[in-house]
Amino acid sequence: MSMHVIVTPKCDDRFSIAHVPWGTLALVPVKGGNEKMEREFSVKLANRPGELARMTDALHKDGVNIRTISTEPHAEVVRIVTADPDKSRASLRRAGLEFSERNLLVAKLKDEPGELARISGALAREGVNIDAAYMLDRDSKHVHVAFAVSDEDKAKNILKL
């Protein structure tokens with residue numbers, strides 16, 4: 001099946017939209033554009049009052065916008081995706097916070113039943129585990145979902161990213 005690339009107004013200069021074989025839409029890097037990937041930061045925070053405020057205040061002072069957040073209080077980890085990974089990394093370091101980071105693959109899905117099942121099924125059939133998933137934003141017809149996966153290269157090939 002051939003791939004048809006459609007640029008939509010919702011995209012920025014980093015990505016175009018492409019139809020993938022099973023009918024979903026995916027973000028693909030624009031050749032010659034800024035091909036930075038989304039990044040997930042896993043920040044180690046004690047499970048006590050004020051720790052989340054300490055991290056978010058450090059990011060705020062550097063003008064970093066948090067796009068999505070997930071907390072795991074028993075693991076003492078907060079996971080964030082921000083609008084500026086480079087600023088986030090510097091801000092977290094300046095605040096003396098322990099963190100790790102990893103790439104996220106972003107897919108633009110139709111906002112309808114079955115789309116996530118289709119993506120997760122395609123990855124599962126090829127042995128790729130989804131370690132984390134985040135809804136980044138949505139409009140009236142689509143949702144952007146970021147995935148951390150066990151095999152990034154294989155997932156990129158499956159999702160045509």
Worksheet item: Is at least one residue of region 105-115 in contact with a helix residue (DSSP H, G or I) (Cβ under 9 Å, 6 or more places away or on another chain), surrounded by fewer than 16 Cβ atoms within 10 Å (Cβ to Cβ) and outside any helix (DSSP H, G or I)?
Response: no
Item to complete: Could you grab me the full set of residues in region 121-149 that are more than 15 Å from the chain's Cα centre (by Cα) and either assigned to a helix (DSSP H, G or I) or within 12 Å of Glu38 (Cα to Cα) (or both)?
Response: Gly121, Ala122, Leu123, Ala124, Arg125
Worksheet item: Do we find a residue being buried (at least 20 other Cβ atoms within 10 Å of the Cβ), of a type outside the set (Gly, Ala, Ser) and assigned to a loop (DSSP other than H, G, I, E, B) anywhere in region 57-66?
Response: yes
Practice prompt. Answer yes or no as to whether Arg39 is assigned to a strand (DSSP E or B), crowded, with 16+ Cβ neighbours inside 10 Å and among the charged types (D, E, K, R).
Written response: yes
Discussion item. Tell me yes or no: at least one residue of region 74-94 is assigned to a strand (DSSP E or B), more than 11 Å from the chain's Cα centre (by Cα) and not assigned by TED's automatic domain parsing to the domain that holds Ala58.
Written reply: no
Item to complete: Please list, ordered by first then second residue, the pairs with beta carbon atoms under 7 Å, 6 or more apart or interchain, first in region 108-133 and of a type in the set (Lys, Arg), second not in a strand (DSSP E or B).
Response: Lys110/Thr24; Lys110/Lys141; Arg118/Trp22; Arg118/Thr24
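The values are calculated or read from the model by the stated rules, or taken from the named source; none is laboratory data. Not measured: the values here are computed from a predicted model. Glycine gets a Cβ as well: all are built from the backbone with ideal geometry, and neighbour counts include every protein chain shown.
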